[in-house]
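Structure, as structure tokens:
The values are calculated or read from the model by the stated rules, or taken from the named source; none is laboratory data. Owing to the predicted nature of the structure, the values given are computational and were not obtained by experimental measurement. Every residue, glycine among them, receives a Cβ derived from its backbone with ideal geometry; neighbour counts consider all protein chains shown. Accessible surface is based on the protein model in full, side chains and every heavy atom, while ligands, DNA and RNA are left aside. Shrake-Rupley method; radii C 1.70, N 1.55, O 1.52, S 1.80 Å.
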Amino acid sequence: MTPYLRLTTARRRHLILQTPISSYRHPDSGQRIIVVATHHYAEPAYYQQLLHDIDRYQHDGYVVHYENAQYETPGDNPTDTEQAVLDDLNALRDLETVRMAPLGWVRQPSLLHHPTWHRKDLTDLDVIRHAGTDAMTHYLTTRRALFDWPDHQVWRLSRVYAYFARGVEQGFESIHY
């Protein structure tokens, strides 16, 4: 692993995403945490390596807490507008998954999970309510434009790949999709 998020090249100019595993220790209590950064899409081997590393930490006594907003709770009662945004969000995730498949990439939740881990995150509905339906609709519209093309135009995936590489190089906060 690497101490920071970076994109490197291997033979044949194949891009490799490297994400950090960072350890922190509280100066007074001595308690330690380890933060494992991940990306939402990657090759299955990337997630298998992360699972191996996380299993090793669990074996050493660490408890795993993870974030994954993609879930609902039984008490969720979205309004019709919120439900429409939730439906759009799920449709976008499905579209992203289809578009990443030619790269051999899979979505993080499909491989990076374990029954002993503890989810610590907002629900999708919480995110929508905090951001607002208008802001989420705008985000989903601009994000969808990156992935929405006719199925026979697979070459457009190079644009996604270029945005991703540029985002890693410049820091994702500075990229406006």
Out of everything in the range 119-158 that is of a type in the set (Lys, Arg) and either without any contact (Cβ under 8 Å) to a residue 12 or more places away in the chain or touching a Phe, Trp or Tyr at 6+ places or on another chain (Cβ under 8 Å) (or both), what residue ends up being surrounded by the fewest Cβ atoms within 10 Å (Cβ to Cβ)?
Lys120
Could you list, in sequence order, the residues of the range 41-85 that are open to solvent by 40 Å² or more (accessible area, probe 1.4 Å), assigned to a loop (DSSP other than H, G, I, E, B) and aliphatic (A, V, I, L, M)?
Val63
Which residue is nearest to Ala101 (Cα to Cα), if the candidates are limited to the range 22-40 and must be under 17 Å from the mean Cα position of the chain (by Cα) and open to solvent by 50 Å² or more (accessible area, probe 1.4 Å)?
His40
Can you list residue pairs whose Cβ atoms sit under 9 Å apart, with the first residue in the range 40-58 being closer than 24 Å to Leu95 by Cα and the second being of a type in the set (Ser, Thr, Tyr) and open to solvent by 50 Å² or more (accessible area, probe 1.4 Å)? Count only pairs 6 or more apart in sequence or on different chains.
Tyr41/Thr97; Pro44/Ser110; Tyr47/Ser110
Would a scan of the range 96-118 turn up a residue that is farther than 30 Å from His52 by Cα, open to solvent by less than 70 Å² (accessible area, probe 1.4 Å) and modelled with pLDDT of 80 or more?
no
